[in-house]
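Let me begin by presenting the structure, written as structure tokens, before commenting on it.
Laboratory data are not the source of any read-out in this text; all were calculated from the coordinates shown. Keep in mind that what you see is a predicted model, and the values were worked out from it rather than measured. Positions of Cβ are backbone-derived with ideal geometry, glycine not excepted, and every protein chain shown enters the neighbour counts.
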Amino acid sequence: MDVDGPSSSAHHEGMTSRDYYADSYAHFGIHEEMLKDSVRTGSYRAAIMNNPHLFEGKTVLDVGCGTGILSMFAAKAGAKHVVGIDMSNIIDQAVKIIEANGFADKITLVKGKLEETELPIQQFDIIISEWMGYFLLYESMLDTVLDARDKYLKPGGLIFPDHATLYLAAIEDQDYKEEKINFWDNVYGFDYSCIKDIALREPLVDTVDLKAVVTDPCVLKHIDLTTAKKEDLTFSSPFQLKATRNDFVHAFLAWFDISFECTHKKVSFSTGPHAKYTHWKQTVFYTPSTITISDGQTITGQLTCAPNARNNRDLDIKIAYHKGDGPETSVDYKMY
Ligand code: SAH
């Protein structure tokens, strides 16, 4: 995203590059990426617009409305009234978009942080939100959605989406590991291996070919948004990955699925390597050494995930694993 371009302050109501840095959702570029992610936006559209029987005459809260796209889907699906809230300056554009599309009487937009802002309606029938981050939980605003649920959702109200599932598998990734990690062993003949240790601990967000996956996937964590608590977002899950062929393992791979279980014909999408591209891609965790694995053998382990104590938008992820009854390796990763 080019926020330093000469046009930024001239065309966006006096915002400077420093303002865009502080307010990462203010620039249209990030919304362009999300709107153009047709798996993401199309799934929300299908979940909302194919279920007018759920929206007809209902009050809807759009948590983190951005440009207002989900609010407009809800209004089109027959909602009586929609309130969209966002703390980013992008909401100034949303106001114009809502107006330009004739929804000014159906959609009320509120600028502010959900946790600190008074809403014009106290109880809603439905909450809609697109809160997911990389590795599902990185920089995610799920905390905010759970707050919104506890404060504003009527008993028995619906949440779109209402389920999220995080998965883990192991991959063969020799070439890319060479380029991203082992590169630091020899940089123009110099030993840069101190950076290799840092690079390894930083999960990589990238697309991975399905052919690289060498084990069955394993569910790490299931989140039911109707019942989840904030404490559930700090977790430690055991995993068992069974190899589907003889190969070498260079990394673990994580992705998530999202579903709208409350819809009549269930809508869901996956961000996995078997599914169509999304801007979330997948998340790669390189292992310090290569694991040789035979068809049917398992890698057993435990993944622990917690918000960082000093900055709760960062994630501390520990993966401890061993093959068969071999020795255990444990790696502390950090997403920031
Ligand atoms: N719903 C839009 C935008 C999703 S991005 C769409 O689907 O295209 C998430 C949005 O949530 C961002 O615009 C961000 O500014 C907003 N947001 C994040 N945390 C928030 C909070 N605590 N209160 C209000 N808005 C928040």
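Under the convention that each Lys and Arg Cβ holds +1 and each Asp and Glu Cβ holds -1, the size of the dipole of region 7-130 around its Cα centre is about 360 debye.
With a Förster radius of 41 Å applied to the C-beta separation of residue 222 and residue 178, the computed FRET efficiency comes to 0.70. Shape summary of region 114-187, radius of gyration then Dmax from alpha carbon positions: 20.1, 61 Å. With the Kirkwood sum run over all distinct C-alpha pairs, region 164-335 has a hydrodynamic radius of 17.1 Å. What net charge do the residues around residue 230 carry, taking every other residue with its C-beta under 10 Å from that of residue 230, with Lys and Arg at +1 and Asp and Glu at -1? Taking every other residue near residue 230 into account, the sum is -4.
Bridgeable lysines around residue 106 (alpha carbons under 28 Å apart, same-chain partners fewer than 8 residues away excluded): 36, 58, 76, 80, 96, 151, 154, 265, 266. Taken along the Cα-to-beta-carbon direction at a fixed 7 Å, the label points for residue 320 and residue 266 span 3.4 nm.
Considering only 333, 219, 61, the residue lying farthest towards the positive end of the dipole of the chain is 61, judged by Cα position with unit charges set on Cβ.
Fewest neighbouring Cβ atoms within 10 Å first, the residues 149, 245 line up as 245, 149. With charges only on Cβ, +1 for K and R and -1 for D and E, what is the dipole size of the chain about its Cα centre, in debye, rounded to 20? Value, rounded to 20: 920 debye. Extension gain for residue 115-residue 232 works out to 40.2 nm (0.36 nm per residue, less the C-alpha to C-alpha distance). Rg over Rh for region 7-130 works out to 0.98, using Cα positions for both radii and the Kirkwood form for Rh. The local environment of residue 37, defined by Cβ-Cβ distances under 14 Å, has a net charge of +2 under the rule Lys, Arg +1 and Asp, Glu -1.
Counted by neighbouring Cβ atoms within 10 Å, the residues 218, 65 run from fewest to most as 218, 65.
Applying 0.36 nm per residue to the separation of residue 151 and residue 240 and subtracting their alpha-carbon distance, the gain on full extension is 28.2 nm.
Averaging over all projection directions, the Cα-based convex hull of the chain occupies 19.4 nm² in the image plane.
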